Structure formats: structure tokens, C-alpha cells
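To start, the structure under review is shown below, and the notes come after it.
The values are calculated or read from the model by the stated rules, or taken from the named source; none is laboratory data. Here the structure is a predicted model, which is why all the values come from computation and not from measurement. Here the Cβ positions follow ideal geometry from the backbone for every residue, glycine too, while neighbour counts run over all protein chains shown. Areas reflect the complete protein model, heavy atoms only, side chains present, ligands, DNA and RNA absent. Shrake-Rupley method; radii C 1.70, N 1.55, O 1.52, S 1.80 Å.
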Amino acid sequence: MRLHRISAAVAAAFPVCVVVGLAPAWAQGVALDAQLKPITVTESRSAALDPDLPSSTASKTAQDLETQNIFNAEDTFRYMPSTTVRKRYFGDRNGNIGGRSFGVLEPGRALVYLDGYLISQFLGRFDAPRWQMVNNESIERVDVLYGPFSAIYPGNSIGTTLSITERKPKGLEASASVKYNQQAFKEYGTNDSFDGNMTSARVANRLESGWWGSMGVQHQDAFGHPMGYANTTRGTTGQFGAAGAGTAVTGILRDKDANGVDRAIFAANSIDHSIQDTVNLRVGYEISPTQEIEGRLSSWTSKSTVRVQNYLRDATGAAVWGGTVNDGGNSFNLGSLASSLAPSLRDEENRQLGLTWKTKNTTGWNASVVATQYDVLSDVNRSTSLIQPIADNGGVGLATRRDGTGWNTIEVQTTYTPVRGDFGDGHHALTFGVHRNHYTLINSVRDASDWRTNETTQNQRYSGETEITALYAQDAWKVVPDVVATLGMRLEAFRQLNGQQFDKSLPLASQNQRYADRDLSATSPKLSVAWSARDDLIVKTSFGQGTRFPNVDEMFNGTKTSTSVLVNNANLRPEQSTALELSAEKLWEASTLRVSLFRDDIKDAILRQSDTTVTPTTTLNTNVERVLTTGVELVWQAHDVGVRGLDLGGSATWADSKIMDNALAPATVGNYWLRIPRQRYVLQASYRPNAAWSYGANYRLAGSSFNTPANTDTNPDTYGGISSVNQLDVRADWKFAKSWNWAVGVDNVTASQAWQAHSLPQRSLQTELRYRM
């Protein structure tokens, strides 16, 4: 078996960049075809692992995805092995990824690509991949690669690499869909339904002249359920306020927080209504049967309005927003919670450009260039500390802008594929590449005389840049007929530069601060040996080291609000992963089973540690000297089980992730790492009795985990906790006429409650009408 290879000619990189107008600093884009077979191990199809791949993989085709409820692009990865997608509500713009050895608040350990163009941001802790750049109509397949075992991928691959492939037209194509989702949500004083709709369309064509193109549009209008609650916990004295003081109200609710401390709830906040629009344009030209060029332009805009639902009512039934209140048992001062009772607005406009040139020789040498530029054209978050009734009429606040933030990427590769008959003992399949990236952060906070519109003086400003330049080589060497050894090496040079901050609240002499530039380097060796023990059994051992350099946000961003302070750290050490995996895959006629043992030893893990005992809450960017994760992963799939058209599959992951060394907090040694479930299970069933009908049932179970390195949050089943997830999703799809499909699905059939600090969706009904020409 062999790799498909796409490579890049270094000399071609510079004219290509000039054509698309890219700056001379680039970032992580990669020709993924160099690592993925046309068919890899899937969740619902029997297929052999390509022994040249140095890591385990999982994949789904567009047909596989038809039996899942998909509202946004991140839903396509919901049931992948050892993968967590933190989708908090429909319309969420922060769907972060978690993997075998990292949680969803460590976005720097996951790479997400769209046709080889990076859509992972690495610009902030809550900056999820830009899933919004994906047109749902165009998805052809999705793939997951685990661990830092390939030299082809940047250091952010020390966790998981996700790839989305869009369909290229073979002729005239057109499709469109309309989706409607309604969630019934009941928690604390909220008992309501939250709706969302998605309209998407795509038209594409390929001409005999070699030109092809596609245009996709997408419009989403969604209401999210509450993401937070205005609350207070018992103080250090163990008491709330004395009874009898202030206005008598109803609606104060009591529970215990994630640490088991008594808590009072007053209102639901962060209730988001977002309207998002995406436009995708792709144009390609087949220069010859073995050479092709392609360009892409994607635009995404979002308008978000965040509101508050107040639970408190006085004797007349009027809402109470301020002052001292009591419920007959205790009194509470709402003045300290004003910012939790405030609305906010956010407008975003993003653009991504991309260009790919590649050759497609079946054997021999190939070349490719993949370049992309992602620009945050406009991003303003308007906030206030005024309670909602006052804020609705204006008042002072802040405007936080990230205009000008973004990244540029280029990846150049060249590969050699032996003639099939010549790929015998001692023959080599080679990959060589050059990679360079550049990230820019600009985070500007200005005072606003009217928080909704008028910006005045500079309050804070944080900015900085990072660059990575890398050289890599990989060789799939067929040592003997049944053994392929894949050897790789990645050399990386990292620069941080132009780090600055301004803080008006500091004394005049120290308001401006500049951070010293810094240069680091890393060497990451890789080795994988795949043995075809029999025609139906593949055994693989993989070793890899990877270095994840600090993100520009982790080093330079340091915003302050009335309730929280984020302290940046320009001297963070890079994360270094030493990973091992031993896997065996057994193939039967219509099924496959893979068992993987994995070990990931992370040195200098980057962690944001918060001190919630002080006001405002202070969060520090720090290094944890060592975190060790060991585990077992099973992936099983079977086709036509018992009856034709019935497919079954699933996965199970058991992981033990512990803090082994933490100089800043020695008491945490031996504790569990953050947001990694100790067990995760997925069961999937799909049934296609005929060409008109298909049915799907998908079940996932994940254990609870901790949100703090101290592991004091032992009450996970509440707002603020990291609870278990126990969810069954079902779907039925009916092709009722030529080119027309209608589908109905239910996510979370049992309305099971779950929390990833924020509340996760409860039962939701989704219906979809689709047209395909």
C-alpha cells in the first residue's frame, strides 16, 4: 500500500503568493492528500488502514453523515473516536475540540483544515475553529488523525488533526437545504424553547475546457439557551446576607456550585441571538491531466445580541434589577452583580483567501503549494456593566476590537511515489516540505460614552506576532514485503515579536509595556513501523515527538474587566509531547476492529489557572511541568449486519490523565488533568432498507471530569461543572421524489442534562428539506 502524495516546489511559492496578494509571512496550510488515502478507516465502512500512515485515523463520507443530525459543520465530528466537540448551543461560534489527551480549553492542540486551508484560529482560548467557513452542501468527507506521529503537520498536531474535504464538481451540480431546529430547554427559572434555522445552497460546474467552479451561500438565524446565570455563593463566613433586609422578592433559586458550595441564582444571562452569513467561491483550472490550480474566497459575517432573563419579581410582579433583595431567608446586594445582568453586542466580519497548485502524477515526483490568508476585517464586542433596563437606553461601556487580527500560511511539498511494481524491499516513498506561518494579534479596548455606538479614549491595547518556519522530511520505507517503516523529522524555528500592551488604569510611567522578542527552536523526530502480520491483520507501533509553541494570545493578550483579569505571559515555554501508540487492526469480510494503546507525555503543558477567591477573578497563563496520559481506544464497525443495509459501529476510550509535576502548585501532583473524560463511548446504527429511506441512531456516553487542577469541583452535575454526557440522537430521511429529501431528527431524545461549565443542549427537534440536482 502506498501514500498519495502532493508536494510543493519551493520556487513556485513566491510567484503564487504574489498572485493572491499574500504578505511575506505565512501560516499553517498543508496538502493533506499527502497523508490520506482516498478511503481510510471509517466509522461505518470496512477499509484497511494504509500502513504508510504513521497514526490511527477515522473517517466519514458524505453518505455516512446522512444518518446524523447536522446543523453546523462541527456536528460532522460529533461521534468520532476519542473526540469531544463543545457545541454549547445551536449558533455557537465557539465549538472547540477536545481529544485523547487534551480538553476543549486547549485549542492549541488541535488542527482543523478545510481542503488543506487552516481554519483553526489559535488567537484566543475561546476562539474555536472557524467552522462557519464550511458550506454544509459541499462536504464530501471528514477525517481525523491522532497524535504527533507525522512530520508533515505542525506542532499543533500533538493532539488531533481534523480535515474537511469539499466536493469538486464533475459536471453541473446544484443543491440546497432548509433546516429548522427547536430546542425545549428547562433549567433554573428558564422554561422556554429556542429556535434556529439554516438555509444553505450550492451550485457548481466543470467545463470541458478544464475550468471548474462552485459558489456556496449559507444563512443562519439561531437563538441560544442561557450560557450563564447571575449568582452568588456563600462567603467565607458560611452565610448569605441577613434575613429581612431590602425588597421582598420571589424567584431566587438555590443550589450548590461545582465545588459543593451553597449558591443563589437570580437571572439567566448570555442568551445569544446570532445571525450569520457565509459565502464561498472556488475556481479551479486543470492545466493538464497532471496539473491543477485552484483558488478560494470565503466570507463570514456574524451579528450577535446577548440578553438577560431576570427571575426576580416583587409583590406587584415587576422585575427587580438592583438594590438589596430578600426571599424571606437571606438578603442579597444585586449591585455587585450588575455586570452579570448586562447585555452585549458583537459584530464580526472575516475573510479567507486560499490558493493551491499541485501536480497529480500517479508515480514519480509531484509538487504542490498551499497558501492561505485569513483576515479579521472587523470584530467589535460592545459591553457594559449597566443592568439591562438601563443599558437598553445607552450609557457608558467598552468596545473591544480585534480588527486586523489574522494569520497567513504557506506549505510547499515535494514527494516521490515509487512505481507500484517497484515498491518492493528497500524502496522508499518520500515527502519533503517547507512550512512558514505568521500570526498577528490586535486586541484594542476603548471606552464608550454610549456602549452601543460611541467609542472614545483608549482603555487597553494588547498586540503581538509569532512566526514559525519549518523544514520536514518523511520516508515510507518498505523494509521487507510485510513491513513498512515511516521515518520523519521536523525542524522548527519560532519567533515572537512586537509584543506590546497599554493599560490606562496603571500609573502613567508604566502604562506602556513592550515585551522582548524571543527565538526558540525544536527538533521533532518520528518513527512508525507497520507490519502486515496477515492479510487481515495490521500491527503498528508509532513514536513521535512534537512541539506546540505558545499561541500569540497566550503570550500577549491580557484584558481586564470589572469581574475578571487575564494576566499574559510572554515567557511561556512551549509544550513538548512525547507520544507512543501501539495498534492492531483486524479485518473480516464485512467488519473491522482496531485496538490502540496510547501514551502521551506532555512537558510544560500550557494552562490558564484562575483564582476565583479574589475579586475580580484573576487568571494566569502558566506552564505545568509534566502531564501524562495513558489509555486504550477501541474502534469497531460492521457492514450489513444480519440484514442488508444495516451498519453498526462504535468506539470506546479509557484514558487516565494525571498531573505529574507542577512547581507552581505542588499539591495538584497526582490530580486529574482538565476536561478529559476517563471513559467515552459511542454506538452508531444506520439502516437503509431501500433507496428511499434511511434511519440512524447515535448514542454517546462520556464520563465527568474536572475543571480545575486542584480537582475540588466534585459536584459536576450543575452549572459550572464538567458533567457526564449521556445522549441518544435519532434521524429518519425519506427521498419522496426525484432530487428531493425530507428528514426529521431528534437530538438528546431523553432530554438528559449535561454541562461543560455552560449548559449543553437539551432535547431538540430538527427537520430538513433538501434538494439535489
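One line per residue, one yes/no per condition, for (1) touching a strand residue (DSSP E or B) at 6+ places or on another chain (Cβ under 6 Å); (2) touching a residue at least 12 places away in the same chain (Cβ under 8 Å); (3) over 30 Å from residue 336 (Cα atoms); (4) not β-branched (Val, Ile, Thr):
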residue	(1), (2), (3), (4)
594	yes, yes, yes, yes
620	yes, yes, no, yes
631	yes, yes, yes, yes
635	yes, yes, yes, no
640	no, yes, yes, yes
657	yes, yes, yes, yes
662	yes, yes, yes, yes
668	yes, yes, yes, no
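The number of residues in the stretch 100-120 being outside any strand (DSSP E or B), closer than 25 Å to residue 370 by Cβ and either of a type in the set (D, E, K, R) or open to solvent by less than 10 Å² (accessible area, probe 1.4 Å) (or both) comes to 6. What about residue 296, is it assigned to a strand (DSSP E or B), without any contact (Cβ under 8 Å) to a residue 12 or more places away in the chain and not β-branched (Val, Ile, Thr)? No; evaluated as a whole, the condition is false for this residue. I'd like to check something: does the stretch 521-528 contain any residue that is more than 28 Å from residue 440 (Cα to Cα) and among the aliphatic types (A, V, I, L, M)? There is at least one residue in the stretch 521-528 that is more than 28 Å from residue 440 (Cα to Cα) and among the aliphatic types (A, V, I, L, M). For the stretch 188-213, residues that are open to solvent by 70 Å² or more (accessible area, probe 1.4 Å) and within 17 Å of residue 223 (Cβ to Cβ) total 2. Taken together, the residues in the stretch 95-118 that are modelled with pLDDT of 90 or more and under 9 Å from the mean Cα position of the chain (by Cα) amount to 8. For the stretch 720-736, give me each residue that is open to solvent by less than 40 Å² (accessible area, probe 1.4 Å), at negative phi and either part of a loop (DSSP other than H, G, I, E, B) or not basic (Lys, Arg) (or both). Correct list: 721, 722, 723, 725, 727, 729, 732, 733. Taking the stretch 169-243 and the strands (runs of 3 or more DSSP E) fully enclosed by it, the elements with 3 or more residues that are closer than 20 Å to residue 267 by Cα are at 173-187, 190-206, 228-233. The criterion of at least 2 residues that are touching a helix residue (DSSP H, G or I) at 6+ places or on another chain (Cβ under 8 Å) and open to solvent by less than 40 Å² (accessible area, probe 1.4 Å) is met, among strands (runs of 3 or more DSSP E) falling completely within the stretch 314-414, by 344-359, 364-383. The residue that is least open to solvent (accessible area, probe 1.4 Å), counting only those in the stretch 237-269 that are without any contact (Cβ under 8 Å) to a residue 60 or more places away in the chain and under 35 Å from the mean Cα position of the chain (by Cα), is 263. Comparison of 425, 392 shows that the only residue that is at pLDDT 95 or above and of a type in the set (D, E, K, R) is 392. The residue that is nearest to residue 491 (Cα to Cα), among those in the stretch 445-457 that are surrounded by fewer than 20 Cβ atoms within 10 Å (Cβ to Cβ) and touching a Ser or Thr at 6+ places or on another chain (Cβ under 8 Å), is 446. Screening residue 494 against (1) modelled with pLDDT of 95 or more; (2) hydrophobic (A, V, I, L, M, F, W, C); (3) more than 21 Å from residue 441 (Cβ to Cβ); (4) open to solvent by less than 30 Å² (accessible area, probe 1.4 Å) leaves a single unmet condition, (3).
With respect to residue 320, is the statement that it is among the β-branched types (Val, Ile, Thr) and under 36 Å from the mean Cα position of the chain (by Cα) true? In short, no. Does the stretch 61-80 include one or more residues that are within 24 Å of residue 583 (Cβ to Cβ), more than 14 Å from the chain's Cα centre (by Cα) and not in a loop (DSSP other than H, G, I, E, B)? Scanning the stretch 61-80, I find at least one residue that is within 24 Å of residue 583 (Cβ to Cβ), more than 14 Å from the chain's Cα centre (by Cα) and not in a loop (DSSP other than H, G, I, E, B), so the answer is yes.
Select from the stretch 708-719 the residues that are farther than 16 Å from residue 229 by Cβ and open to solvent by 30 Å² or more (accessible area, probe 1.4 Å) and list them in ascending order. Result: 708, 710, 712, 714. Only a single item in (1) of a type outside the set (D, E, K, R); (2) modelled with pLDDT of 95 or more; (3) open to solvent by 20 Å² or more (accessible area, probe 1.4 Å) is not met by residue 185, and it is number (3).
In the stretch 576-592, the residues that are within 17 Å of residue 537 (Cα to Cα) reach residues that are open to solvent by 20 Å² or more (accessible area, probe 1.4 Å) and part of a strand (DSSP E or B) with C-beta atoms within less than 6 angstrom, at least six apart or across chains, in these pairs: 582/541; 582/597; 584/539; 584/595; 586/537; 586/593.
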